[in-house]
Amino acid sequence: MLKFPDKFFWGSATSATQSEGSFTGDNKAYNIWDYWFEIEPYKFHNEIGPSKTSSIYKYFESDVELMKKTGHNSFRTSISWSRLFPTKDGKINETAVEFYKNYFTKIKKEGIALFINLYHFDMPMYLQEQGGFENKETITRYKDYAKACFEFFGEYVDRWFTFNEPIVHVECGYLNTYHYPMEVDPKKAVQVAFNTAVCSAAAIKEFRKLKLKSKIGIILNLTPAYPRSSNKEDIKAAKIAELFANKSFLDPAVIGAYPKELIDIIKKHDLMPVYSEDELEIIRQNTVDFLGINYYQPLRVKAKECMPNENAPFSPLYYYDIYDMPGKKINPYRGWEIYPQAIYDICVNIRKNYNNIEWLITENGIGVENESKFRKDGKIEDDYRIEFMKSHLKYLHKGIQEGTNCIGYQVWTFIDCWSWLNSYKNRYGLVELDLETDERIIKKSGYWFKNLSDNNGF
């Protein structure tokens with residue numbers, strides 16, 4: 001049996017936009033997803049928008065009890081900025097405060113550690129209209145929002161996160177058009193990335209002033225970059241891919257500074273952001289207490305096969321090509337490679353290169369389409385999800401045995417959730433959601449996860 005350290009965190013993660021829903025009288029304002037769905041609903045799978053979620057806003061009492069039934073001793077969600085601050089003038093939505101306090105109180109009463117993330121891709125639309133993270137004013141607005149969250153909810157929260165996967169709103173919003181505002185502007189992308197790092201550090205600075213008993217970190221989706229071969233050009237390509245995909249947020253968050261090699265590339269392409277020495281000092285002085293790490297798939301790269309187009313907008317693919325490795329194991333529903341060994345490589349990287357900082361897996365999971373075809377005797381028999389978790393946990397256990405400072409494992413996700421442009425195309429939950437009735441039915445993986453948590457291993 002593989003046993004994990006005492007007091008190991010077992011649980012799951014979701015976000016406000018993906019789980020809360022919106023209801024008459026909740027006084028929530030539009031975020032960028034609400035607005036984007038309104039203007040281009042055809043881009044969302046089956047035209048299902050963010051108002052149709054598992055509606056934890058209504059069902060949190062019974063949902064938290066389901067968390068206990070599926071073995072949760074920890075749970076991560078986010079606070080909706082546009083719910084808490086629905087207007088430009090910064091006036092607090094008291095209805096939101098009451099909801100979150102009731103929701104969080106229920107979680108604590110059930111003995112579940114509460115992890116709260118402040119930002120999960122959900123910029124309030126009134127701020128996006130002013131440029132969002134392109135605008136320096138947003139740093140002040142984010143800092144004020146973070147401080148309000150700490151003051152309102154600090155008594156309930158065991159661990160805080162400033163951002164979830166910040167590289168995603170940079171790449172998807174300003175290079176690849178998967179998130180609103182759907183721009184292709186590398187100069188803005190770099191500015192957004194830098195301002196986000198300043199936001200994170202500024203929030204940490206406010207957090208420490210309040211001397212709360214909790215800890216604060218950031219969630220990064222680490223995708224180890226593997227070269228196609230031992231050829232020196234492939235290795236060089238992988239090192240550059242690593243700079244953009246991982247070190248661009250990992251280094252300032254943990255070390256307090258950017259890698260020189262990354263800065264040199266940004267300068268070479270005339271993409272340096274507007275910044276001040278004061279902002280660099282905020283980043284230097286306010287590093288994270290711990291890390292959340294989301295892992296789904298590796299990044300495989302090779303040296304460029306063709307010369308880049310100098311007239312095209314810059315992207316990291318200027319320096320490498322994606323390598324489609326023959327024989328890789330994939331999730332056929334999502335198209336992502338399944339490579340559990342990368343979890344071990346993350347363990348080694350954090351231990352050797354980032355001061356063996358405390359960390360936990362904050363997302364790991366597999367999305368499957370049309371899961372109802374696996375239903376037997378009224379329950380989804382998702383053995384594929386159990387095997388997926390086992391295979392990754394084996395490598396995580398190996399890393400822990402060798403000394404990495406990992407304190408928990410949270411899956412994506414608790415109940416099947418709405419997922420950005422994919423809506424409900426792929427299901428990830430330990431618990432099935434019936435979209436017509438809102439009924440919740442624990443899957444086989446949910447019962448397995450309860451045994452995993454109870455035994456602190458498998």
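Of all the criteria given as (1) more than 15 Å from Leu114 (Cα to Cα); (2) within 20 Å of the chain's Cα centre (by Cα); (3) aromatic (Phe, Trp, Tyr), the one not satisfied by Tyr57 is (2).
Condition first: among the small types (Gly, Ala, Ser), touching a residue at least 24 places away in the same chain (Cβ under 8 Å) and outside any helix (DSSP H, G or I). Now tell me which residues in the range 130-159 satisfy that.
Let us first name the residues in the range 130-159 that are among the small types (Gly, Ala, Ser), namely 131-132, 146, 148, 154.
Right, trim to touching a residue at least 24 places away in the same chain (Cβ under 8 Å) and you get 132, 146, 148, 154.
Listed by number, the list holds a single entry, Gly154.
Taking the range 64-87 as the range and being among the charged types (D, E, K, R) and within 26 Å of Ile218 (Cα to Cα) as the test, the residues that pass are Lys68, Arg76, Arg83.
Cβ-Cβ distances below 6 Å connect the following pairs, each with a first residue in the range 329-357 that is on the phi > 0 side of the Ramachandran plot, a second residue that is not aromatic (Phe, Trp, Tyr), and a separation of six or more residues or different chains: Asn356/Asn405.
Every residue, every condition in (1) of a type in the set (Ser, Thr, Tyr); (2) touching a residue at least 12 places away in the same chain (Cβ under 8 Å); (3) more than 18 Å from Asn73 (Cα to Cα), yes or no:
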residue	(1), (2), (3)
Cys406	no, yes, no
Tyr409	yes, yes, no
Tyr428	yes, yes, yes
Arg440	no, yes, yes
Asn451	no, yes, no
Gly457	no, yes, no
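When the criteria are applied in full, Ile350 meets the requirement of being within 22 Å of Pro252 (Cβ to Cβ), of a type in the set (A, V, I, L, M, F, W, C), surrounded by 14 or more Cβ atoms within 10 Å (Cβ to Cβ) and touching a strand residue (DSSP E or B) at 6+ places or on another chain (Cβ under 9 Å).
Condition first: β-branched (Val, Ile, Thr) and buried (at least 18 other Cβ atoms within 10 Å of the Cβ). Can you find one or more residues in the range 256-263 that meet it? So far as the range 256-263 goes, no, none of its residues is β-branched (Val, Ile, Thr) and buried (at least 18 other Cβ atoms within 10 Å of the Cβ). Taken over the range 442-458, the residue count meeting the criterion of being buried (at least 24 other Cβ atoms within 10 Å of the Cβ) and among the aromatic types (Phe, Trp, Tyr) is 1. Taking the range 394-441 as the range and being within 21 Å of Met67 (Cβ to Cβ), part of a strand (DSSP E or B), polar (S, T, N, Q) and open to solvent by less than 10 Å² (accessible area, probe 1.4 Å) as the test, only Gln410 passes.
Among residues belonging to the range 360-393 that are touching a residue at least 40 places away in the same chain (Cβ under 8 Å), of a type outside the set (Asp, Glu) and part of a loop (DSSP other than H, G, I, E, B), point out the one that is farthest from Arg440 (Cα to Cα). Filtering first and then ranking leaves Asn364. For the range 149-167, the criterion of being open to solvent by 10 Å² or more (accessible area, probe 1.4 Å) and closer than 30 Å to Lys302 by Cβ is satisfied by at least one residue.
No other residue among Asp34, Asp26 is part of a helix (DSSP H, G or I) and at pLDDT 95 or above apart from Asp34.
Yes or no: Asp122 in contact with a helix residue (DSSP H, G or I) (Cβ under 7 Å, 6 or more places away or on another chain), of a type in the set (Asp, Glu) and either assigned to a loop (DSSP other than H, G, I, E, B) or open to solvent by less than 50 Å² (accessible area, probe 1.4 Å) (or both)? Can you show your working first?
On the way: in contact with a helix residue (DSSP H, G or I) (Cβ under 7 Å, 6 or more places away or on another chain): yes; of a type in the set (Asp, Glu): yes; either assigned to a loop (DSSP other than H, G, I, E, B) or open to solvent by less than 50 Å² (accessible area, probe 1.4 Å) (or both): yes.
Yes.
Residues in the range 327-334 include at least one that is within 26 Å of His120 (Cα to Cα) and open to solvent by less than 20 Å² (accessible area, probe 1.4 Å).
State whether one or more residues within the range 175-193 are touching a Cys at 6+ places or on another chain (Cβ under 6 Å) and either of a type in the set (Lys, Arg) or open to solvent by 50 Å² or more (accessible area, probe 1.4 Å) (or both). Reasoning before the result, please.
Start the filter on the range 175-193 by keeping residues that are touching a Cys at 6+ places or on another chain (Cβ under 6 Å), which leaves 178-179.
Now drop any that are not either of a type in the set (Lys, Arg) or open to solvent by 50 Å² or more (accessible area, probe 1.4 Å) (or both), which leaves 178.
Among the residues of the range 175-193, at least one is touching a Cys at 6+ places or on another chain (Cβ under 6 Å) and either of a type in the set (Lys, Arg) or open to solvent by 50 Å² or more (accessible area, probe 1.4 Å) (or both), which makes the answer yes.
Scoring Tyr57 on the criteria (1) in a loop (DSSP other than H, G, I, E, B); (2) out of contact with any strand residue (DSSP E or B) (no Cβ under 6 Å at 6 or more places or on another chain); (3) not basic (Lys, Arg) leaves a single failure, condition (1).
The values are calculated or read from the model by the stated rules, or taken from the named source; none is laboratory data. All values reported here derive from a predicted model rather than from experimental measurement. When we count neighbours, we look across all protein chains shown, and the Cβ atoms used for this are built from the backbone with ideal geometry, even at glycine. SASA here: full protein model, heavy atoms, side chains in, ligands and nucleic acids out. Shrake-Rupley method; radii C 1.70, N 1.55, O 1.52, S 1.80 Å.
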